[in-house]
Amino acid sequence: MNPRVIDLTRGEVVLDGRRILRGVDLVVEAGETVALLGPNGSGKTTLVRAIVGLHKLSGGSLFLFGVPAGRFRDWWRIGYVPQRVTAASGVPATVREVVRSGRLPRMRRFHRAGPAAEAALARALDAVGLAERARDSVADLSGGQQQRVLIARALAGEPDLLVLDEPLAGVDLDRQESFAEILGAMAAAGTTVLLVAHELGPLEPLVDRAVTLSAGRVAAVGLPPPASGHHAHPDHDHVHPHADRAQVPPILAPPPWAGPP
């Protein structure tokens, strides 16, 4: 059996006095691609935010790479793409500057940047088709392009675990298929992937296992269902109130799990 990258046992989260997660068990092994499915309000976003340290567990235990979450310090190993928010954040910044910020956790760990960092940055921009827009302001991009900036920022950090919350929201079908190819290559190279989705679309063949949530509990575990209905349409824009926009940090800020420099 592969090492466990995520090991959550009886996880509970209470927000504003309301219990969102109710005794959730989730194990993700190294190299797996696991999808979190379920209706609006089922707890998918809350679950991934608890895993990356943005929500505190009210009950249960969480281990990351075999280390209790409370003692885990290697946050550079985790890349996180939140459910779509504005990439501009009121701060003037170019696409390149935003994507480069994805290197901060790794630079904080290794205290240097160099040719490897530049190569990773270039690969990330190419992967999402934004190399030609690198010097443009993120404020000038469309919503789908800003989502691709968020994805590139996570890819630039070369994470061992990539956590994606609705990564294809607002992304056109051609780019969805390109992203599926990129994600497939990362998975083949050993990257562990946890992604939230309503419908998987082009990502479906990559998913090893689907975990379906309902009312804050695990309702089913098994093979992913095929895409269907309006959520499978490339123009479907899946942004809901449960995304908790106010708690997502400005895109240029170091990720909240990065720790002190």
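Remarks
- Number of residues in the stretch 187-230 that are of a type in the set (A, V, I, L, M, F, W, C), surrounded by 15 or more Cβ atoms within 10 Å (Cβ to Cβ) and in contact with a Ser or Thr (Cβ under 9 Å, 6 or more places away or on another chain) equals 10.
- Selection of the stretch 1-47 for residues being part of a loop (DSSP other than H, G, I, E, B), within 15 Å of SER58 (Cβ to Cβ) and touching a helix residue (DSSP H, G or I) at 6+ places or on another chain (Cβ under 9 Å) yields only GLY43.
- Matching residues in the stretch 186-215 - criterion: being outside any loop (DSSP other than H, G, I, E, B) and either within 20 Å of GLY43 (Cα to Cα) or modelled with pLDDT under 85 (or both): VAL193, LEU194, LEU195, VAL196, ARG209, ALA210, VAL211, THR212, LEU213, SER214
- Residue among GLY17, GLY79, GLY70, GLY66 that alone is surrounded by fewer than 16 Cβ atoms within 10 Å (Cβ to Cβ), under 18 Å from LEU161 (Cβ atoms), among the small types (Gly, Ala, Ser) and modelled with pLDDT under 95: GLY70
- Residues in the stretch 30-59 that are surrounded by fewer than 17 Cβ atoms within 10 Å (Cβ to Cβ) and closer than 19 Å to ARG217 by Cα: PRO39, ASN40, GLY41, LYS56, SER58, GLY59.
- Scanning the stretch 154-175 for residues that are farther than 15 Å from LEU125 by Cα and out of contact with any strand residue (DSSP E or B) (no Cβ under 6 Å at 6 or more places or on another chain) returns ASP160, LEU168, ALA169, GLY170, VAL171, ASP172, LEU173, ASP174.
- Qualifying residue in the stretch 172-184 (condition: assigned to a helix (DSSP H, G or I), polar (S, T, N, Q) and either touching a helix residue (DSSP H, G or I) at 6+ places or on another chain (Cβ under 7 Å) or modelled with pLDDT under 90 (or both)): yes
- Residue within the stretch 232-251 that is of a type in the set (A, V, I, L, M) and either at pLDDT 85 or above or in contact with a Pro (Cβ under 6 Å, 6 or more places away or on another chain) (or both) present: yes
- Lone qualifier among ALA169, ALA127 - being modelled with pLDDT under 90, under 19 Å from TYR80 (Cβ atoms), of a type in the set (Gly, Ala, Ser) and touching a His at 6+ places or on another chain (Cβ under 6 Å): ALA169
- Subset tally (residues that are assigned to a helix (DSSP H, G or I) and among the polar types (S, T, N, Q)) for the stretch 120-171: 3
The values are calculated or read from the model by the stated rules, or taken from the named source; none is laboratory data. Bear in mind that the values here come from a model prediction, so they are computed numbers and not experimental data. Positions of Cβ are generated from backbone atoms using ideal geometry, with glycine treated the same way; all protein chains shown enter the neighbour counts.
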